[in-house]
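Q: Sharing a structure with you now.
The values are calculated or read from the model by the stated rules, or taken from the named source; none is laboratory data. Not measured: the values here are computed from a predicted model. Neighbour counts run over all protein chains shown; Cβ positions are idealised from the backbone, glycine included.
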Amino acid sequence: MMNVTIEQVHGRVPVTILKLAGQLDASCYLDVIETSKKLHSQGTRDLLIDMSEVTFMSSSGLVALHNVALLMRGEQPQDPEAGWQAMHAINRDVKNSSGFEAHCKLLNPTQAVRKTLDVTGFSALFEIFESREEAVAAFI
């Protein structure tokens, strides 16, 4: 079960904080994507994903993060139920990364989630912060 809370804060620009708590897996990843689509349609352009209470993240969670990043880039997200196509798209993005996502950052992932991010190469896509204040200030 995933608990999601949303908070609006202001740094140099308005930032939406999406706090996830619980397991980010096949049971809830579509909800995370839908929530992000709704936020984007309501004007969110800079998103900080607080992962400090995510206890586990599966490959479905990676698909969710990738789709959220695509949304914040202004690109069309992958069909999250496309299976291996979604995973190949993630792999291409990781390999072709020219730096961190400008409009989607991660806050304080747990040790288990951080390991998943490191092993999959997502640490090269997402700027990861331990301090909420530093993360909010990093959006320009």
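Q: Suppose we filter T55, T44 for residues that are in a loop (DSSP other than H, G, I, E, B), modelled with pLDDT of 95 or more and among the polar types (S, T, N, Q); which single one remains?
A: Of the residues listed, the single one that is in a loop (DSSP other than H, G, I, E, B), modelled with pLDDT of 95 or more and among the polar types (S, T, N, Q) is T44.
Q: Hey, among the residues in segment 93-111 that are part of a helix (DSSP H, G or I) and surrounded by 13 or more Cβ atoms within 10 Å (Cβ to Cβ), which one's modelled with the lowest pLDDT?
A: Step by step, filter segment 93-111, then rank; the result is V94.
Q: What are the residue pairs meeting all of these: first residue in segment 117-140, first residue assigned to a strand (DSSP E or B), second residue basic (K, R), Cβ atoms under 7 Å, and 6 or more apart or on different chains?
A: Listed pairs, sorted by first residue: F129/K105.
Q: Since R12 meets every condition but one in (1) touching a Phe, Trp or Tyr at 6+ places or on another chain (Cβ under 7 Å); (2) at pLDDT 95 or above; (3) surrounded by fewer than 18 Cβ atoms within 10 Å (Cβ to Cβ), which condition does it not meet?
A: Every listed condition holds for R12 apart from (2).
Q: Can you tell me which residue is nearest to the chain's Cα centre (by Cα) among those in segment 29-63 that are under 23 Å from E133 (Cα atoms) and acidic (D, E)?
A: Selected residue: D50.
Q: Still on this structure, please answer the following. Would you mind stating whether R114 is among the charged types (D, E, K, R) and either modelled with pLDDT under 95 or touching a Cys at 6+ places or on another chain (Cβ under 9 Å) (or both)?
A: In short, no.
Q: Against the definition (polar (S, T, N, Q), touching a strand residue (DSSP E or B) at 6+ places or on another chain (Cβ under 9 Å) and closer than 23 Å to T110 by Cβ), how does T44 come out, yes or no?
A: Spelling it out, it is not the case that T44 is polar (S, T, N, Q), touching a strand residue (DSSP E or B) at 6+ places or on another chain (Cβ under 9 Å) and closer than 23 Å to T110 by Cβ.
Q: Separate question: In this structure, is S58 over 19 Å from P77 (Cβ atoms) and among the polar types (S, T, N, Q)?
A: no
Q: Just need a number here: residues in segment 4-18 that are closer than 11 Å to V32 by Cβ and of a type outside the set (V, I, T).
A: 1
Q: Among (1) at pLDDT 70 or above; (2) over 14 Å from C28 (Cβ atoms), which single condition is V63 missing?
A: Tallying (1) at pLDDT 70 or above; (2) over 14 Å from C28 (Cβ atoms), V63 fails exactly one: (2).
Q: Looking at V119, is it farther than 22 Å from F139 by Cα and at pLDDT 95 or above?
A: Criteria not met by V119.
Q: Out of segment 47-82, which residues are among the β-branched types (V, I, T) and in contact with a strand residue (DSSP E or B) (Cβ under 9 Å, 6 or more places away or on another chain)?
A: Result: I49, V54, T55, V68.
Conditions (1) touching a residue at least 40 places away in the same chain (Cβ under 8 Å); (2) within 14 Å of V68 (Cα to Cα); (3) in contact with a Phe, Trp or Tyr (Cβ under 8 Å, 6 or more places away or on another chain), marked per residue:
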position: M1; (1), (2), (3): no, no, no
position: Q8; (1), (2), (3): no, no, no
position: G22; (1), (2), (3): no, no, no
position: D25; (1), (2), (3): no, no, yes
position: E34; (1), (2), (3): no, yes, no
position: D46; (1), (2), (3): yes, yes, yes
